[in-house]
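Here is the structure we will look at, set down as structure tokens.
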Amino acid sequence: MPTVETTVWINAPLAKVYAIAKNSEAYPEYMKDVKSVTPVERDETRFVADWVGIVPTFGLKVRWRQEEIWDDTTHSSRFRQIEGDYDQLEGTWSFREENGGTRFDQHLDYEYNVPTLGPLVKKVILSVVQKNLENINEAFRLKAEA
């Protein structure tokens with residue numbers, strides 16, 4: 001199963017960056033690859049939503065239901081697909097104060113098979129996933145530093 005990890009330093013306070021990240025419903029407003037996030041369940045630490053993402057490289061939409069578990073003490077989140085188009089999707093986000101700003105680390109394990117297209121497409125998909133995580137980094141950075 002492919003794993004993708006990214007990190008970015010954001011010139012904004014931890015509380016601000018974490019609050020932006022925790023508000024998943026607002027992602028479609030400033031993340032071009034997120035078409036919609038529709039809440040299904042919510043409590044203090046758990047958020048479940050139906051997601052629709054856009055994969056411009058292939059001109060297709062990807063749909064999934066995702067569970068997020070937020071830990072305000074450690075400023076982190078664990079998430080996983082409950083059902084949807086991915087064969088598997090799960091990961092972690094962590095936020096920590098660093099040099100007067102915030103370090104945001106992403107770890108994602110995923111499996112997305114397209115049986116008729118084979119192994120060559122897996123490399124393209126890995127590139128698309130990497131770019132998507134980098135876009136998340138940039139979206140959070142721009143929003144928090146604005």
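Since every read-out is calculated from the coordinates, none of them should be taken as a lab result. Since the structure is predicted, the reported quantities are computational estimates derived from the model, not experimental observations. No Cβ is skipped: glycine too gets one built from the backbone with ideal geometry, and neighbour counts run over all protein chains shown.
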Close pairs from the stretch 129-146: first within 25 Å of Q88 (Cα to Cα), partner in a helix (DSSP H, G or I), Cβ under 8 Å, at least 6 apart: A139/Y27; A139/Y30; F140/V17; F140/I20; F140/A21
Meets criteria (among the basic types (K, R), touching a Ser or Thr at 6+ places or on another chain (Cβ under 9 Å), closer than 19 Å to N137 by Cα and surrounded by 15 or more Cβ atoms within 10 Å (Cβ to Cβ)) for K35: no
Residue check for T102: among the β-branched types (V, I, T), in contact (Cβ under 8 Å) with a residue 24 or more places away in the chain, under 22 Å from Q130 (Cα atoms) and crowded, with 18+ Cβ neighbours inside 10 Å: yes
Residue tally, condition surrounded by fewer than 17 Cβ atoms within 10 Å (Cβ to Cβ) and more than 15 Å from A21 (Cβ to Cβ), over the stretch 87-99: 4
Residues satisfying the stated conditions in the stretch 47-104, i.e. among the charged types (D, E, K, R) and not in a strand (DSSP E or B): D72, D85, D87
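Name every residue in the stretch 132-146 that is surrounded by 16 or more Cβ atoms within 10 Å (Cβ to Cβ) and of a type in the set (D, E, K, R), in order of residue number. Talk me through it step by step, then tell me what you get.
Our first condition is that a residue be surrounded by 16 or more Cβ atoms within 10 Å (Cβ to Cβ); within the stretch 132-146, this holds for 132-133, 136-137, 139-141, 143-144.
Answer for the stretch 132-146, where residues must be surrounded by 16 or more Cβ atoms within 10 Å (Cβ to Cβ) and of a type in the set (D, E, K, R): R141, K143.
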Count - residues of the stretch 35-74 that are out of contact with any strand residue (DSSP E or B) (no Cβ under 6 Å at 6 or more places or on another chain) and either under 22 Å from S94 (Cβ atoms) or hydroxyl-bearing (S, T, Y) (or both): 8
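Would you be able to say whether some residue in the stretch 68-75 is among the aliphatic types (A, V, I, L, M) and either within 18 Å of N132 (Cα to Cα) or touching a residue at least 60 places away in the same chain (Cβ under 8 Å) (or both)?
Within the stretch 68-75, the subset among the aliphatic types (A, V, I, L, M) is 69.
Subsequent filtering for residues that are either within 18 Å of N132 (Cα to Cα) or touching a residue at least 60 places away in the same chain (Cβ under 8 Å) (or both) retains none.
No, there is no match, as no residue in the stretch 68-75 is among the aliphatic types (A, V, I, L, M) and either within 18 Å of N132 (Cα to Cα) or touching a residue at least 60 places away in the same chain (Cβ under 8 Å) (or both).
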Residue tally, condition among the basic types (K, R), farther than 29 Å from E98 by Cα and surrounded by 14 or more Cβ atoms within 10 Å (Cβ to Cβ), over the stretch 57-83: 2
Tabulated pairs, the stretch 11-22, first touching a residue at least 12 places away in the same chain (Cβ under 8 Å), second part of a loop (DSSP other than H, G, I, E, B), C-beta under 7 angstrom, 6+ apart or interchain: L14/H75; Y18/H75
